[in-house]
Amino acid sequence: MSLSIGIVGLPNVGKSTIFNALTNNNILAANYPFATIEPNTGIVPVPDERLDVLAKLYDTQKIIPATVTFVDIAGLVAGASKGEGLGNKFLHNIRECDAIIHIVRAFENSDILRHDNTPINPQADIDIINTELILADIQTIEHRLPRLQKEAKAKPEARQVATYLETLLTSLNSGTPIASIENIKYEIINDLHLLTAKPIIYTFNVDEAGLGDHVLQEKLAKLVAPARVLFICAKLEEELRELSNNDALELLDSYGASETGLSQLIHAAYDILGLQSYLTAGQKEVRAWTIHKGWTAPQAAGVIHSDFERGFIAAQVISYHDLVAAGSEAKAREAGKIRTEGKNYIMQPNDVVEFRFNV
């Protein structure tokens with residue numbers, strides 16, 4: 001499975017700069033609205049130090065990490081859901097994303113004007129974007145409802161769906177995003193790809209001083225509590241792109257940070273979406289696979305190929321740490337660290353697995 005994350009925000013908040021840093025692309029990042037016209041997509045590897053360790057252990061040069069797709073759309077403005085500022089044209093590009101990163105500017109810079117030439121106001125910016133996402137979802141539901149209401153006269157199941165969508169519409173009209181509603185019936189709304197039903201990671205773009213300003217960070221976090229919050233300095237992320245891993249970590253440490261923005265965002269996305277990864281390793285390749293937490297061995301096998309799940313027999317499993325400590329697969333087997341698991345086995349984050357199947 002592939003993780004996809006959409007990036008939203010107002011113009012001039014650092015969206016494209018952060019996207020460039022995340023994906024190592026060189027798209028236009030200009031200080032005026034709508035510099036990003038076509039949506040930009042970047043596929044990046046998930047940082048995973050385990051892969052390099054296993055590649056040395058198995059003496060293979062082929063490493064295939066899990067990936068994340070980032071989609072950066074045009075900066076939204078008030079009225080975007082109705083077509084203002086080209087925004088509505090691009091909202092559909094993030095409808096199938098698994099989660100949304102909402103970039104919020106939280107630094108002053110007289111050389112970079114806010115989208116409406118007023119002082120920075122994180123709360124107002126957050127409200128504008130959230131309102132536009134809500135309005136977009138209202139439009140989506142209102143477009144679907146007439147057909148369902150017509151079908152409801154002959155199909156009881158259509159009546160149930162229509163009634164539920166009417167309930168959601170009432171909440172949206174009151175300013176409540178769907179993700180804030182209890183017991184969401186995702187099986188009913190999945191095909192609508194509603195934007196406010198997606199998990200949102202609020203990412204405040206701060207200056208270098210803001211990375212270590214815990215008073216500021218606490219103040220900003222309260223604006224969106226209890227949502228997931230990150231603090232990233234787009235300017236610093238640009239600098240990190242040009243450095244080696246060791247130099248980048250040293251620079252981050254000087255600002256009191258331990259992870260790059262990419263690592264922070266991916267870890268946050270995996271967490272809020274309930275994802276984890278397992279590993280496969282051999283002389284041909286070492287690879288990470290993304291699955292949902294709580295998946296069984298057959299379900300995990302199905303990510304590699306549907307035949308693996310359909311014809312699942314067993315899984316040979318060893319903990320990554322046990323494998324590394326043993327020094328080789330053969331020594332791990334001699335030590336009794338490799339075990340055979342069946343169909344009911346729940347996958348663990350550090351599992352190194354070889355599946356047995358027969359179709």
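Worth pointing out:
- Selected residue (only one of 130, 93 is modelled with pLDDT under 80 and part of a helix (DSSP H, G or I)): 93
- Helices (runs of 4 or more DSSP H) completely within region 279-359 that count 3 or more residues being surrounded by fewer than 20 Cβ atoms within 10 Å (Cβ to Cβ) and within 23 Å of the chain's Cα centre (by Cα): 297-304
- Tally of residues being over 23 Å from residue 97 (Cβ atoms), out of contact with any helix residue (DSSP H, G or I) (no Cβ under 8 Å at 6 or more places or on another chain) and either among the β-branched types (Val, Ile, Thr) or surrounded by 15 or more Cβ atoms within 10 Å (Cβ to Cβ) (or both) across region 224-273: 1
- A single entry from 31, 26 fulfils the requirement of being outside the structural domain of residue 306 (by TED's automatic domain parsing), more than 19 Å from residue 104 (Cα to Cα), of a type outside the set (A, V, I, L, M, F, W, C) and modelled with pLDDT under 75: 26.
- Any hit, region 194-203, residues being touching a helix residue (DSSP H, G or I) at 6+ places or on another chain (Cβ under 8 Å), in a helix (DSSP H, G or I) and farther than 30 Å from residue 138 by Cα: no
- Count of region 144-159 residues which are surrounded by 12 or more Cβ atoms within 10 Å (Cβ to Cβ) and free of Cβ contacts under 8 Å to residues at least 24 places away in the same chain: 8
- Selection count where residues are under 27 Å from residue 198 (Cβ atoms), part of a helix (DSSP H, G or I), touching a Leu at 6+ places or on another chain (Cβ under 7 Å) and aliphatic (A, V, I, L, M), scope region 236-271: 4
- Scanning region 219-235 for residues that are part of a helix (DSSP H, G or I) and of a type in the set (D, E, K, R), we see that the one that is farthest from the chain's Cα centre (by Cα) is 219.
- Picking from residues in region 134-143 that are within 21 Å of the chain's Cα centre (by Cα) and either at pLDDT 90 or above or not assigned by TED's automatic domain parsing to the domain that holds residue 202 (or both), the one that is surrounded by the fewest Cβ atoms within 10 Å (Cβ to Cβ) is 134.
- Residues in region 198-217 include at least one that is of a type in the set (Gly, Ala, Ser), surrounded by fewer than 17 Cβ atoms within 10 Å (Cβ to Cβ) and under 25 Å from residue 22 (Cα atoms).
- One residue from 183, 190 being assigned to a helix (DSSP H, G or I) and not acidic (Asp, Glu): 190
- Scanning region 322-343 for residues that are of a type in the set (Asp, Glu) and more than 27 Å from residue 299 (Cα to Cα) yields a count of 1.
- Criterion (in contact (Cβ under 8 Å) with a residue 24 or more places away in the chain and under 18 Å from the mean Cα position of the chain (by Cα)) met by exactly one of 216, 262, 240, 192: 262
The values are calculated or read from the model by the stated rules, or taken from the named source; none is laboratory data. Fair warning: this is a prediction, and the values are worked out from it, not measured in the lab. Counting neighbours? That spans all protein chains shown, and the Cβs are built from the backbone with ideal geometry, glycine included.
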